Amino acid sequence: MVAYQALVLTHDNETVTAQYATKLTPDLPKEGVLIKVAYSDINYKDRLTMNAKSGVLKNYPATPGVDFVGTVVTSDNPFFEAGECVLCTGYGTGISIDGGYAQYVKVPSEWLLKCPIELTPQETMQLGTAGFTAAIALTKILRQPFTRNHDTPLLITGATGGVGSYALTMLAQLGFTNITATTRDLSQTDYLTKLGAKQVIATDDLLTAPLKPLAHQSYTGVIDTLGGDVLAHILPYMAQDGLVAACGNAAGFKLATTVFPFILRGVTLVGIDSVNYPRKDRKEIWQLLATNFKPQTWPLIRNIAFSELATELSMPTKQAGRVVVTIDTEH
């Protein structure tokens, strides 16, 4: 029996409060793998748990944290042995069951992967769901014939966010030289240029352009992290046989478009579901993140202590990059 700290969200009259609570490991599910958490991170979905109206969490109290990395303590699966480093992103972690914002967590073994030896535990959480999602989107883009030309015009929306910044730096280090990045804050232009953008444009400029069924063929490949009206304004500008990888809805979940980009230009719109991505393919993606896709230029990374998490989670942020949470101070 081990006492440990967990961040617990409670809900009262549409107000969500984050507080630390002491729990005991026997209170965790009987089956699964018990992990001592080393690091977690903060994703867009984690911040949404503080908004009861978002619908991300169906039940309170709850411990969020959709990502974590740590060390196996006990396991009901012989594939995972005590002392091994494991990682978890997505599935129901921090949503349907308690997640990584705790010193100990227990999850089904099929949700876990062994950590790639090429990544430190902290680097694993620097990537987390954001890097994982970006990598899946990249694999969709890289399968297209147009990527044989490394000067092909590519677009990344929401490029200062976690997914966007990783997509940008990964594409740049793979040799792509004609990447346009969008941001709501043009003061981030130098930052995005260092990550690999050839051109930086304001997101609002996309939205103020007249919305036509078809427009100039400007982009062959797009990684869109925003959705909504932003995606609607991008589709008419897609080139013949182009591909859009849609992986976010920060700008809205409704899509107002026509069929013309699809039936007259052969454009493909593919959705990126990193939460339920097949386990058999996850290892391959993480191996890419540990090798060919591992950032040579990391996006901005801000590290906070577990004790700072409750305050941080309660504060909406527009900052660029990623937030990593140190759960175990021994790391």
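Each value in this text was obtained by applying a stated rule to the coordinates, not by laboratory testing. Every value quoted in this text rests on a predicted model; they were computed, and no experiment measured them. Every residue, glycine as well, gets a Cβ built from its backbone with ideal geometry; the counts of neighbours run over all protein chains shown.
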**OP:** Taking Cβ-Cβ under 4.7 Å as the only way to count a partner, pick out the unpartnered cysteines of the chain.
**Re:** CYS88, CYS247
**OP:** Would you mind computing, in nm to one decimal, how far apart the modelled labels at GLU84 and THR22 are, each placed 7 Å from Cα along Cα→Cβ?
**Re:** 3.4 nm
**OP:** Please report the base-10 log of the normalised intensity I(q)/I(0) for the stretch 169-244, using a Debye sum with one equal scatterer per alpha carbon and no solvent, at each q in 0.11, 0.26 (1/Å).
**Re:** -0.28, -1.36
Original post:
Taking every eigenvalue of the Cα gyration tensor of the stretch 237-331, multiplying by 5 and rooting it, what semi-axes result, largest first, whole Å?
Top reply: 35, 20, 13
Original post:
What is the fewest-to-most order of MET50, MET1, MET125 by other Cβ atoms lying within 10 Å of their Cβ?
Top reply: MET1, MET50, MET125
Original post:
Percent antiparallel among DSSP beta bridges with both residues in the chain, to the nearest 5?
Top reply: 55 percent
Original post:
log₁₀ I(q)/I(0) of the chain at q = 0.07, 0.10, 0.11 Å⁻¹, via Debye over equal Cα point scatterers, no solvent, to two decimals?
Top reply: -0.29, -0.59, -0.70
Original post:
Given N residues in the stretch 129-271, what is Rg(Cα) / (2.2 N^0.38 Å)?
Top reply: 0.93
**OP:** Averaged over every viewing direction, what's the projected area of the C-alpha convex hull for the stretch 1-70? Give it in nm², one decimal, please.
**Re:** 5.1 nm²
**OP:** Please tell me which of these pairs span more than 18 angstrom C-alpha to C-alpha: LYS114/LYS280; LYS45/LYS294; LYS140/LYS283?
**Re:** LYS45/LYS294
